[in-house]
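For reference, the structure discussed in these notes is given below.
The values are calculated or read from the model by the stated rules, or taken from the named source; none is laboratory data. All figures in this text were calculated on a predicted structure; none of them were measured in a lab. Quick note on the areas: whole protein, heavy atoms, side chains included, nothing else; ligands and nucleic acids left out. Shrake-Rupley method; radii C 1.70, N 1.55, O 1.52, S 1.80 Å.
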Amino acid sequence: MAIRCATIFALVLLLTPGVVAHRLRETSQRGAPPAPVGKAPAVDKDGAYDSKDHACAACKFAATGSCAMYKSCVCYATNAFWSSVNVASETDKDNWHYACG
């Protein structure tokens, strides 16, 4: 009985890589990812977007151009600016970033 189980186990191990390779070939023939919607807005010199609309547009551009994010991404945008006590006058109060949730 033990020899029969070992033989079956060895056969399963031998056949598994062929099944995995077949599935990989199947998925690679599905085609290119979808084309992104809209245009990617420019990032400011500080690495943030200058408005909420630009951050949302960047998220939409990234999410619609990716197979992984296409149907699962909900875009969120936030301003990462907060006022400081010891700074007399802040010049750049728009530091918008996006995240996919």
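Tabulated data
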{"item": "Carbon/sulfur fraction of accessible area - the range 43-83, other protein chains in place, 1.4 Å, %", "result": "56 percent"}
{"item": "Sequence of ILE8, ILE3 when ordered by accessible area, the most exposed leading, probe 1.4 angstrom", "result": "ILE3, ILE8"}
